[in-house]
1. How many angstrom lie between the Cα centre of the stretch 319-343 and the Cα centre of the stretch 260-277?
2. Put +1 on the Cβ of every Lys and Arg and -1 on every Asp and Glu Cβ in the chain; which of 224, 124, 169 then has its Cα farthest towards the positive end of the dipole?
3. When you count, for each residue, the other Cβ atoms within 10 Å and take the mean per peptide, how do 248-257, 66-75 rank with the highest first?
4. From the Cα gyration tensor of the stretch 102-206, with a ≥ b ≥ c the square roots of its eigenvalues, which class applies: rounded if a/c is under 1.5, or else prolate if a/b is larger than b/c, or else oblate?
5. Under a point-charge model restricted to the Cβ atoms of Lys and Arg (+1) and Asp and Glu (-1), what is the dipole moment magnitude of the stretch 168-284 relative to its Cα centre, in debye to the nearest 20?
6. If you average the C-alpha positions of the stretch 62-107 and of the stretch 172-242 separately, how far apart do those two centres end up, in angstrom?
7. What is the helix-to-structure angle for 135-145, meaning the angle in degrees between its Cα long axis and the longest Cα principal axis of the chain, kept from 0 to 90 and rounded to the nearest 10?
8. In what sequence, highest mean first, do 318-325, 38-45 appear when ranked by Cβ atoms within 10 angstrom?
Amino acid sequence: MQEELFNVKDQQIIKVDPALSIPIYRQIVDSVNQAIQKKLLKLGDGIPSVNSVASEFSIARGSIFKAYDELRSAGVIDSIPGKGFFVLNTEKSQKTNIFLLMSTFNPYREVFFNSFISKLKDQGTVDLYFHHHNVAVMETLIQNHTSHYNTFVVMPEVHKRTKDILKRFDGRRLYILDSGHKEFSKRYPGVTQPYEMDIFHFLADNVDRLERYNRTVLLFSGNMRNYGVIKGFESYFKQDNRPSLVVHETSSYRPEKGDLCIVMDDNDLVPLIVYARTKNWKLGDRFGIISYYETPLKSVISEGISTISPDFEQMGQTLANLIMENRNDHIENSFLFIDRNSF
């Protein structure tokens, strides 16, 4: 009976990648915990011996002993002389400890964060970091902190170096968040926003209302990084042939009567409203505004500003479910349109 209990059924229980910045012992600990969570290891099952792991991966026995000692101290495994190590408790596998790296924090990302931690409840802890669209900062944070966590959520800065930076992670526990839909979502699980297709489909679904305006203008300030919005916007108007314009120097832009302005940066929203008032233009009547990213304030200013926005609350819940259920899915997040008086 004991021989069966200590039989190693799957030699791929332990997975080690020396190229990762995560210490070897931590990868071994995570491997065993993940195998338990996925029910690849059950109560009483044996795990690979120190010698077999050292031989398989050509690594020092000290790293393996350190990993197994940590698992034994946590009450996850135990050993019997001459029999080896075995699973002692499937309820005590390591608590999810999440490294969450975002670009910046703002009101709509706060909606995501609150939804995320609320859905996790007491099943995991989250430490939040920011790279502020700086790829060097992103790389430094990853190098300095990844050894302290077993689960990683990254909102990547889309850059030529990002692909190699993400390779430092154990890909089994890395989730991509929000951006990088085209660049990284096929490589890693996560919840991303298809910004290019979101804006394209929104415009196509509202073609009749676009006809009320002479021109559709996308205000894309230097603070924004979701370049897929520009691609989707331009792609739509290539087939529509209706007058359109992308404005990057938003501070100097002065709208014309008949413009429909799609505003990415909230800093550009108030100047547009003030300018319309000086011209006595009524929003939604020959001059329109659609603001990216829903916030409660937009429901009350100027009798209501129409918004288009990723569903950040849903994004938080979906990501939490992926992590808690240990799933490796890639999910495209939903997109919301809230129709108010400005459109």
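The numbers here are math on the coordinates, done by the rules we state, and not lab data. Owing to the predicted nature of the structure, the values given are computational and were not obtained by experimental measurement. Cβ: placed from backbone, ideal geometry, glycine included. Neighbour counts: every protein chain shown.
1. Distance between centres, Cα-based: 26 Å.
2. 169
3. Numbers: 248-257: 13.0, 66-75: 17.1.
Highest to lowest by the protection proxy: 66-75, 248-257.
4. oblate
5. Rounded to the nearest 20 debye, it is 120 debye.
6. One Cα centre to the other: 41 Å.
7. It works out to around 30 degrees.
8. Ranking, from highest mean packing down: 318-325, 38-45.
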